[in-house]
1. Compute the signed sum of charges (Lys and Arg +1, Asp and Glu -1) over the other residues within less than 9 Å, Cβ to Cβ, of Lys387.
2. Once label points are set 7 Å from the Cα along Cα→Cβ at both Glu72 and Glu157, what is their separation, rounded to one decimal in nm?
3. Go ahead and run the numbers for FRET between Arg506 and Asp223, Cβ-Cβ distance against an R0 of 60 Å, rounding to 0.05.
4. Using a 7 Å offset from the Cα along the Cα-to-Cβ direction at both Asp398 and Ala345, what is the distance between the two label points in nm, to one decimal?
5. Which of the residue pairs Lys459/Lys510; Lys361/Lys459; Lys201/Lys316; Lys459/Lys498; Lys411/Lys459 have a Cα-Cα distance greater than 18 Å in the structure shown?
6. Answer rounded, prolate or oblate for the stretch 435-528, using the Cα gyration tensor with square roots of eigenvalues a ≥ b ≥ c: rounded when a/c is under 1.5, else prolate when a/b is larger than b/c, else oblate.
7. Cα atoms only: what Rg and Dmax, in Å, come out for the stretch 253-299?
Amino acid sequence: MTGKTASRFSLTSLLKAGTIAGMATAVLVTGAPMAFNTAHAEAVKLTAPPQVPSFADVVSAVTPAVVSVRVESRAQPASEDASNGFNFNFGPNFGGQNFEDLPDDHPLKRFFKEFGGGDQYSQRGDQERDYWRNHGKRGDKPRLRPTSQGSGFFITEDGYLVTNNHVVDGGSAFTVVMNDGSELGAKLVGRDPRTDLAVLKVDAKRKFTYVQFADDSKTRVGDWVVAVGNPFGLGGTVTAGIVSARGRDIGSGPYDDYLQVDAAVNRGNSGGPTFNLQGEVVGINTAIFSPSGGNVGIAFAIPASVAKDVVGKLMKGGEIQRGWLGVKIEPVTQDVADSLGLAEAAGALVNEPTGDSPGAKAGIKVGDVITAVDGDPVKGPKELARKIGAMDPGKVADISVWRDGKLVSVKVTLGTLPTDPKVASAEPQQDQGSDEQAAPAELTLDQLGLIVAPTDDGKGVAITSVNPDSDAADKGVKEGQKITSVNNQEIKSPSDIKKIVEDAKRDGRKKALFQIQDQTGNRFVALPIG
């Protein structure tokens, strides 16, 4: 008996045994027995199916408003070293290998002659280049070539649509591909690189199906969302998932405040909408985290509240003007909060007011902690940047700062954020003189693990030695740097440090805030003192 026959026989025997018995018992994965009658088997059908949400109604309503955006750019003439459409430019000796020494039937020699050159093939390439030069066609006007493709969606019936800035960046011509496959030309109305948003306009004698932005403040982690777009150029595609997180900072810019979703978002989904179950846009798909290049369940969308404001301004003027405070800021850590007597680690620590910025003119100082704008608390540097950036230039803002152990209100007339703001750099460190000159005035601060000495210009003190086992060393303090202030009090001599630290101890402080300067700029370091 073969193995096949044995298997069939065994199965038949079991079925007969079940028929004779009339009833058999199956054990479910839960371990509970369930009776069934094999003689009268029926198709499985649940009398009360579970209530699984369907997205069909949402998808059918919003899909006509979602489009594919195809971008073309001016292609530059190919390099004159190229021949036959390739830029290989191998030459007769490639990687140390002389191809003329290879056998005639060697694949590398054939490849080189076909694509890379060889005298007769290089000559043909020269003839082609001469032809195009003489006829003056190739370089007169660069051709339009497809360079990118993304997604977008209509927000008005007269043809305004939203996509990502990185989709249209560098584009010369734009084509919108509708859900039914029809193609319409579009023009760029405006774009904002800082939030990665752009607005296009289709001029056509028709009304477009459009969608609206949601109030994303009501969007909760765990809510269902539906992403619609054109990934990989396949055409309209729908995926579903949930909101995984809010307020994500992915390091893409000063205004990061992304929704994180786990719907399958891939290349080509950029600029496409993420909808709630009411068919409202809660976010615009912009970025994915992907070690593999494809979807891994971590996608980021610009919140509707951010997009609505920026898009509205782009539609009106095509340019975004943001308020500008003009201060370099950094986070307030718990160490910094402890050293300054703050109740919590929140706000933005002013590292340096820049030049003649509005903040500097209004009196904001190094070491101030900005805690609120117009009475609205500031949690950190990113939130401060978003709050100021959302205000119009010329607005008078009430900036609350923590200074010298108390809250101070500073009125600032905001400026216009420069297109390419210049960041003030620290002046090169002054020559500290020879060891023999500095040694007599050096002061050893054993508790801090530092030895410091005066500077020639009297601005701060120079760090001449750092104990490698100290907290200062652990936090990156190095020999050659300068201490310019402690607890926001200017330092002119080593004795100033000692006095300020002793005062802080008497006030019950366990840490002091040191402003450290080197050739790259300023930073703050909180060091234990008690």
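1. -2
2. Reported label-point gap for Glu72 and Glu157 is 3.2 nm.
3. Given R0 = 60 Å and the Cβ-Cβ separation, E is 0.70.
4. 3.0 nm
5. Long pairs (Cα-Cα over 18 Å): Lys459/Lys510; Lys361/Lys459; Lys411/Lys459.
6. Judged from the Cα gyration tensor, the stretch 435-528 comes out rounded (a/c under 1.5).
7. Just the Cα atoms of the stretch 253-299 yield Rg and Dmax of 11.0, 33 Å.
Bear in mind that the values in this text are calculations on the coordinates, not laboratory data. Computed from a predicted model, the values in this text were never measured in an experiment. When we count neighbours, we look across all protein chains shown, and the Cβ atoms used for this are built from the backbone with ideal geometry, even at glycine.
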